[in-house]
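Data block below; observations after.
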Amino acid sequence: MQTFTDIVRYRFVLENLVAKNLKALYRNMALGFFWSILNPLIMAVVLTAVQLKFFGARHDWPSMFLCALIPYNFFSYCLSGCAYSVTGNASLVTKVRFPRQILPVSVVLTNLVHFVIQSSLVVAALVFFGPVDPVTHAEIGVVGWQLLWLPVIVLLNIGLSLGLGLLVAGANVVYRDVQYTVESVMTVMFWLCPLVYDAGFELTKDGAAKGATYWLYFSNPLSALLDSYRRVLYHGTAPDLGVMALCVVITALLGVWGVRTFWKYEGRFADLL
Amino acid sequence: MATAIRFENVGKRFMVAHQRPFLAKELVRLVLQKPSTKDEFWALRGVNFEIGTGESVAILGTNGSGKSTTLALVAQTTTPTEGKVIVNGRIGPLLELGAGFHPDLTGYENIYLNASLLGLSRREVDAKLEKIIEYAGIGTFIDAPIQTYSTGMKARLGFSVIAHIDPDILLLDEVLAVGDGQFAQKCEATIRNFQKAGKTLCFVSHSPTQVMALCERAIWLYGGRVQAMGEASMVCERYQRFLDTGDLGAAPMAS
């Protein structure tokens with residue numbers, strides 16, 4: 001509980017850290033904040049071209065891809081940022097006493113700003129490359145009540161990023177291997193999670209039952225989240241409630257693990273840096 | 001006299017790994033339940049002292065004597081392995097040159113970042129901002145990124161923030177050497193005002209001259225233990241003799 005009251009008490013520090021992260025990132029660049037959008041945009045353009053040319057994708061592929069890519073980016077940036085958040089601020093951690101959890105929390109908040117900015121790409125994709133029904137090729141209207149799920153999914157996404165963020169932030173102080181492990185794991189996740197393919201749709205195609213493969217696949221909370229985003233934004237349906245429930249449980253467990261690990265090492269941060 | 005800082009039989013142990021722990025190797029070690037191969041090293045052991053509110057005390061010692069560890073314990077960025085550290089009041093640590101400053105942010109933005117980390121609220125920073133800028137005396141550079149600053153300018157800005165956060169206990173770590181003569185004088189005047197206001201000063205140094213100028217009492221650390229403690233002139237004299245001849249003098253005081 002103290003974790004959170006400390007954050008409230010130090011919110012001015014948090015504000016300044018987030019402002020620092022945002023300003024420092026793009027200050028010396030001619031394109032500034034535009035980079036935040038440019039990176040996923042290039043990714044989407046290139047992959048769309050490949051998909052259309054070689055994999056026979058439909059023209060709504062960008063909207064399918066982007067509504068998973070942007071949340072994936074948020075999670076990925078959070079994790080790699082958190083891994084460096086304590087070790088990269090060694091001079092502060094060893095000199096000033098302030099709640100250390102502010103460092104990973106500031107990373108998550110910073111990336112939340114990028115997430116909001118990048119979300120404009122999802123909206124643009126949904127407008128210009130509107131989803132079509134794979135069978136009838138009729139346009140699917142995605143504006144509906146199922147969008148009310150979005151805040152829940154975003155909150156889960158933030159929770160997962162923060163929980164695992166605390167884990168890697170703390171663990172990286174003891175084992176610097178963690179920061180490289182995070183990079184590798186996120187590369188694997190790009191292909192393992194439903195980004196360039198629609199796993200939720202493929203695994204239940206033609207009325208196939210949700211078997212062991214389905215549940216094993218979606219026991220990965222990131223896959224569960226990306227699929228939920230996609231169902232709500234691209235398929236215009238509610239997320240799979242079973243998958244969501246599983247995601248909540250696993251996110252909570254990972255969160256507890258993350259908070260515990262962080263506090264286990266927190267007292268030794270200054271000695272280890 | 002109220003206590004500002006008290007060390008009760010304080011010991012700080014560091015585990016010295018001769019190699020950084022390697023994850024795979026560590027995992028194998030954990031599975032096989034083998035003991036760790038790290039050596040222990042006591043940076044401080046059995047240290048007792050008390051600094052009263054309003055006192056100015058120097059901590060003297062050569063490199064590796066435990067000065068920085070003592071400072072870290074006072075700043076409460078680390079905890080003692082054994083014993084107890086009691087600190088009463090807001091601490092004003094002096095960040096190393098440029099530490100806590102982000103090179104890409106302007107001086108102005110860095111003031112906010114730095115002051116908030118040291119515990120000031122937005123209202124307090126807003127109120128003191130002009131004074132901080134004026135005191136630092138870096139002119140229009142306040143709107144330029146810190147990376148364009150000279151070392152001296154960074155130090156001036158850093159000291160200016162510390163001087164205005166109004167700490168109860170000021171920790172100083174060899175700062176007076178930086179900045180030009182004029183600014184050094186200003187620093188010293190600020191420290192004197194601070195002393196007059198009844199605040200506590202904890203000054204870490206290995207220069208007896210500076211210690212004599214600022215402090216009435218001194219603690220000499222040697223090998224993580226208190227070698228001498230008492231009136232600044234007496235401790236400095238013994239310390240100087242040690243520097244000149246290697247003579248440690250009387251045995252460490254029983255504590």
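The values are calculated or read from the model by the stated rules, or taken from the named source; none is laboratory data. Not measured: the values here are computed from a predicted model. Every residue, glycine as well, gets a Cβ built from its backbone with ideal geometry; the counts of neighbours run over all protein chains shown.
Numbers for the structure displayed
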read-out	value
Pair list, Cβ under 6 Å, 6 or more apart: the stretch B:104-116 residue in contact (Cβ under 8 Å) with a residue 40 or more places away in the chain, other residue of a type in the set (Gly, Ala, Ser) and assigned to a helix (DSSP H, G or I)	B:ASP104/A:ALA24
Any hit, the stretch B:48-56, residues being part of a loop (DSSP other than H, G, I, E, B), of a type in the set (Asp, Glu) and modelled with pLDDT of 85 or more	yes
Selection count, the stretch A:111-155, where residues are under 15 Å from A:CYS67 (Cβ atoms) and of a type in the set (A, V, I, L, M, F, W, C)	20
Selection count, the stretch A:80-109, where residues are closer than 16 Å to A:ASN157 by Cα and either at the interface with another protein chain (Cβ under 10 Å from one of its Cβ atoms) or out of contact with any Leu (no Cβ under 6 Å at 6 or more places or on another chain) (or both)	6
Lone unmet requirement of (1) over 27 Å from B:VAL87 (Cβ atoms); (2) modelled with pLDDT of 90 or more; (3) of a type in the set (Gly, Ala, Ser) for B:ALA218	(1)
Condition check for A:LEU47: more than 14 Å from every other protein chain (Cβ to nearest Cβ) and touching a residue at least 12 places away in the same chain (Cβ under 8 Å)	yes
Criterion: of a type in the set (A, V, I, L, M) and surrounded by fewer than 21 Cβ atoms within 10 Å (Cβ to Cβ) - qualifying residue of A:ALA83, A:ALA49, A:ALA68	A:ALA49
Residues located in the stretch B:200-247, provided they are out of contact with any strand residue (DSSP E or B) (no Cβ under 8 Å at 6 or more places or on another chain) and assigned to a strand (DSSP E or B)	B:TYR222
Boolean, A:VAL182 is of a type in the set (Val, Ile, Thr) and in contact (Cβ under 8 Å) with a residue 60 or more places away in the chain	yes
Lone unmet requirement of (1) part of a helix (DSSP H, G or I); (2) under 26 Å from A:ILE117 (Cα atoms); (3) out of contact with any Leu (no Cβ under 7 Å at 6 or more places or on another chain); (4) modelled with pLDDT of 80 or more for A:LEU25	(4)
Near pairs, Cβ below 7 angstrom, 6+ apart or cross-chain, from the stretch A:3-27 (more than 8 Å from chain B (Cβ to nearest Cβ)) to any residue that is assigned to a helix (DSSP H, G or I) and at pLDDT below 80	none
When residues of the stretch B:88-99 are limited to those that are buried (at least 20 other Cβ atoms within 10 Å of the Cβ) and at the interface with chain A (Cβ under 9 Å from one of its Cβ atoms), the one modelled with the lowest pLDDT	B:LEU95
Criterion violated by A:LEU126 - all others in (1) within 14 Å of another protein chain (Cβ to nearest Cβ); (2) assigned to a helix (DSSP H, G or I); (3) over 20 Å from A:LEU155 (Cα atoms) satisfied	(1)
Leading residue by the ranking (modelled with the lowest pLDDT) among those in the stretch A:96-114 that are among the hydrophobic types (A, V, I, L, M, F, W, C) and part of a loop (DSSP other than H, G, I, E, B)	A:VAL96
Residue ranges of helices (runs of 4 or more DSSP H) in the stretch A:160-273 with at least 1 members buried (at least 19 other Cβ atoms within 10 Å of the Cβ) and of a type in the set (Val, Ile, Thr)	A:177-192, A:241-266
Members of the stretch A:158-184 that are farther than 10 Å from A:SER80 by Cα and within 14 Å of another protein chain (Cβ to nearest Cβ)	A:ALA171, A:ASN172, A:VAL173, A:VAL174, A:TYR175, A:ARG176, A:ASP177, A:SER184
Subset of the stretch B:115-158 that is aliphatic (A, V, I, L, M) and away from chain A (no Cβ under 14 Å) - its residue that is nearest to A:ARG27 (Cα to Cα)	B:ILE142
Failed item in (1) surrounded by 19 or more Cβ atoms within 10 Å (Cβ to Cβ); (2) farther than 19 Å from B:LEU221 by Cβ; (3) away from chain A (no Cβ under 11 Å), with B:SER65 passing the rest	(2)
Residue within the stretch A:74-95 that is β-branched (Val, Ile, Thr), more than 29 Å from A:THR237 (Cβ to Cβ), part of a helix (DSSP H, G or I) and at pLDDT 90 or above present	yes
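Results for (1) of a type in the set (Gly, Ala, Ser); (2) closer than 19 Å to B:ALA4 by Cα; (3) touching a residue at least 24 places away in the same chain (Cβ under 8 Å), shown as yes or no for each residue.
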| residue | (1), (2), (3) |
| --- | --- |
| B:LEU120 | no, no, yes |
| B:GLY139 | yes, no, no |
| B:ILE142 | no, no, yes |
| B:LYS154 | no, no, yes |
| B:VAL161 | no, no, yes |
| B:ILE169 | no, yes, yes |
| B:LYS199 | no, yes, yes |
| B:HIS206 | no, no, yes |
